[in-house]
Amino acid sequence: MFEIVVCTENGERHVRVAAGELAGLVGRVGGAGDRFLVVQRIPDLPDDFAQVWHEAGGDYTVEYRDGAADRHFRAATDRSQAVVAALAGWARREVGWDRGLSWSPLEVGAGAARDAPALDLDEEERRELAEHVRRVLVGGYATRAELAQLAEECLVDGERRPVSRGQAQALVDRLWLDRVAEQASWRGETDPERLARAFAALDEAGITARENFTCCRSCGQSEIGSAGEPGAWGYVYFHTQCTESVAAGYGLTLLYGAFDGRSETTAAVGDEVVASLEAAGLRATWDRDPDRVITVDPLDWRRRLVG
């Protein structure tokens with residue numbers, strides 16, 4: 001399993017792919033609407049990526065950037081196997097991974113974030129912007145691109161847009177790198193990873209389990225039915241407002257239910273959820289009333305960034 005995220009032209013996002021899956025993604029590139037893919041390490045770092053472009057019948061163009069505009073390189077090959085080998089070596093940070101292709105420097109701009117002027121904000125706006133971005137960042141589910149969009153739109157007021165995309169990206173990159181440095185000291189399995197393990201077990205047991213699912217309870221209730229496998233008999237999830245709450249130091253609220261709508265089945269779902277959480281090493285609080293939420297508290301919310 002490679003610690004990478006692969007994003008495709010058609011909007012797919014593949015997290016922690018296996019060797020066979022990576023080969024399949026490279027091999028299929030070339031058709032309309034599916035001509036390129038971008039590969040980022042986990043956690044994503046600014047100016048550190050690889051990408052592939054291919055149109056059926058032509059060569060593969062492979063690029064990688066290694067931290068700065070003057071460290072951007074390009075190579076071409078007609079062999080998909082060579083592309084897969086290069087990406088696999090890059091993902092593993094293998095010494096000499098780039099020897100299989102002939103690379104040449106590629107001149108590109110320094111990037112909007114690097115050229116962005118300083119923010120023209122008063123202290124209150126600076127604090128509001130930074131706190132808003134940091135709150136979502138600590139939640140751990142947003143990508144750098146999503147955080148940049150969030151920062152750009154945070155202080156919009158009518159026609160006033162005080163934060164440009166470049167300024168937003170520069171701010172996000174600074175806060176993101178601070179968080180990456182912080183998480184480097186984390187050891188062992190974190191509580192969010194225990195939660196993910198519990199949710200994976202519930203999914204296998206026929207209970208649709210989703211993290212950070214939709215913006216609120218109303219949207220969650222209307223969309224959870226189509227989020228899992230057709231044979232699922234129950235569900236459990238928490239939405240983004242729950243994520244922000246737990247990231248701020250409060251307990252996590254879990255919403256659950258049965259697809260048949262019966263109280264008895266809902267209670268059975270609740271029992272399964274509590275059992276799975278406790279098996280993963282988390283403490284769940286619930287009085288077995290199917291009309292009451294399940295809470296997980298205490299919870300040390302240190303979710304590792306992906307990208």
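A few points about this structure:
- Estimated 222 nm signal from helices in the chain, with DSSP H stretches of n ≥ 4 weighted -39500 (n - 2.57), rounded to 500: -12000 deg cm²/dmol
- Within the chain: Cβ-based charge dipole about Cα centre, in debye rounded to nearest 20 (Lys, Arg +1; Asp, Glu -1): 680 debye
- Other residues within the sphere of radius under 12 Å centred on the Cβ of Val236, judged by their own Cβ, net out at -3 (K and R +1, D and E -1).
- The value of relative contact order for region 191-297, using C-alpha pairs under 8 Å at least six residues apart, is 26 percent.
- Probe 1.4 Å - accessible area at Phe213, Å² to nearest ten: 30 Å²
- Solvent-accessible area, 1.4 Å probe, carbon plus sulfur percent, for region 107-208: 47 percent
- Computed over the alpha-carbon pairs of region 4-105, the distance histogram in 10 Å steps reads 16, 54, 30, 1 percent, short to long.
- Considering only the Cα atoms of the chain, their convex hull presents on average a projected area of 19.1 nm².
- Translational diffusion of region 87-167, µm² s⁻¹ [Kirkwood Rh, Cα pairs; Stokes-Einstein; 25 °C; 0.890 mPa s]: 155 µm²/s
- Carbon + sulfur, % of accessible area of region 6-94 - ligands and nucleic acids excluded, 1.4 Å: 47 percent
- 13 Å beta-carbon shell around Gly24, net charge (K/R +1, D/E -1): -2
- Leu147 accessible area, 1.4 Å probe, all protein chains in place, Å² to nearest 10: 0 Å²
- On Cα atoms only, tilt of 144-154 relative to the major axis of the chain in degrees: 70 degrees
- Taking the C-alpha atoms only, the angle from helix 19-28 to the longest principal axis of the chain is near 60 degrees.
- Contour minus Cα-Cα distance for Ala18 and Val156 (0.36 nm per residue): 45.5 nm
- Sites listed here are GluC sites (Glu not before Pro) in region 159-233 whose DSSP assignment is loop and whose Cβ has at most 11 other Cβ atoms within 10 Å: Glu159.
- Taking label positions 7 Å along the Cα-Cβ direction at both Glu146 and Val95, the computed distance is 3.9 nm, reported to one decimal.
- For the chain, the longest principal axis of the C-alpha atoms and the axis of helix 80-92 are separated by about 60°.
- Accessible surface computed residue by residue for the chain, with neighbouring protein chains in place and a 1.4 Å probe, gives 50 Å² per residue.
- Summing charges over neighbours of Glu55, with a neighbour being any other residue whose Cβ is under 12 Å away from its Cβ, gives -2 when K and R count +1 and D and E count -1.
- Which of Gln149, Ala76, Gly139, positive extreme of dipole for the chain (C-beta unit charges): Ala76
The values are calculated or read from the model by the stated rules, or taken from the named source; none is laboratory data. Computed from a prediction, not measured in an experiment: that's the story for all the values here. Reconstructed Cβ throughout: ideal geometry from the backbone, glycine too, with neighbour counts over all protein chains shown. Surface accessibility is based on the protein's heavy atoms, side chains included, excluding ligands, DNA and RNA. Shrake-Rupley method; radii C 1.70, N 1.55, O 1.52, S 1.80 Å.
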